[in-house]
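Here's the structure, in structure tokens; my notes come after.
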Amino acid sequence: MMKMKLWSSVAAAAILFGGAYSISEVQGASAGSTASQSQSKTLIGVDKAEAYALKSAQGRIESIDLKERISGSYYEVEIRHNNQEIDVRVDAYTGKILSVRKETDDDDDDDNYAAATSQSGTMISAAKAAEAASASAKGTVTEIDLDGDNGSFVYEVEIRNGKVTTEVGVDAYTAKVLYTDVDSDDDDD
């Protein structure tokens, strides 16, 4: 009977130590993988997203949107070239091109842009517009859209900082900030 109690105690101790060892190993592995993931969780920024997208497809940047999904974050870059609209998805952390999709667009928008460009000079890049907007509002640039009305072109740059969203209008030729519109997402209203 004594041997049976001894074996039960030894077996119980082995299970406890083995279980504790296994749990600490799993926790250590989880902590290690979390640490390595957090080290690589720095956004590449719109300037690099623009550069990577333009290596995949030539043209004029129409918009850059930071998309955050469960599967991962990416920049969706819309490029216009002649009568094509090209959507390039760029991984927001690595810069890897995730997809390139081309569609034919029969709009006459390119005629308007070509006429405006020849009259007013060369447009600045979307990255330069983001840089100008970031000087007037702090946060992460989440969206850039090129908007053209009546021959004038403005980059509309959206910047998020916590619950505050700021839209900054930047002249597409001079990089001058034209307006700043701040919107807070407070639930108290």
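Annotations
- Additional length obtainable on full extension of the chain from Asp149 to Lys96, 0.36 nm per residue less Cα span: 15.7 nm
- Surface share of carbon and sulfur [accessible, 1.4 angstrom probe, percent] for region 134-181: 44
- Karplus-derived HN-Hα couplings along region 83-100 (A = 6.51, B = -1.76, C = 1.60, θ = phi - 60°), whole Hz, x at Gly and Pro: 9, 10, 10, 10, 9, 10, 9, 10, 4, 6, 10, 9, x, 5, 6, 8, 6, 9
- Taking amide H atoms as placed 1.01 Å from N in the peptide plane, the amide H of Gln84 lies under 5 Å from those of Asp105, each 5 or more residues away in sequence or on another chain.
- If you plug the beta carbon distance of Ser56 and Val182 into 1/(1 + (r/R0)^6) with R0 = 41 Å, you get a FRET efficiency near 0.75.
- Ranked packing of 87-96, 123-132, most packed first, by mean Cβ within 10 Å: 123-132, 87-96
- When the pairs Lys41/Lys96; Lys138/Lys163; Lys55/Lys96; Lys48/Lys102 are compared against a 18 Å limit on Cα-Cα distance, Lys48/Lys102 fall above it.
The values are calculated or read from the model by the stated rules, or taken from the named source; none is laboratory data. These numbers were taken from a predicted model, which means no experiment stands behind them. In this analysis, Cβ positions are derived from the backbone assuming ideal geometry, glycine residues included, and neighbour counts consider all displayed protein chains. The area values use the complete protein model at the heavy-atom level, side chains included, leaving out ligands, DNA and RNA. Shrake-Rupley method; radii C 1.70, N 1.55, O 1.52, S 1.80 Å.
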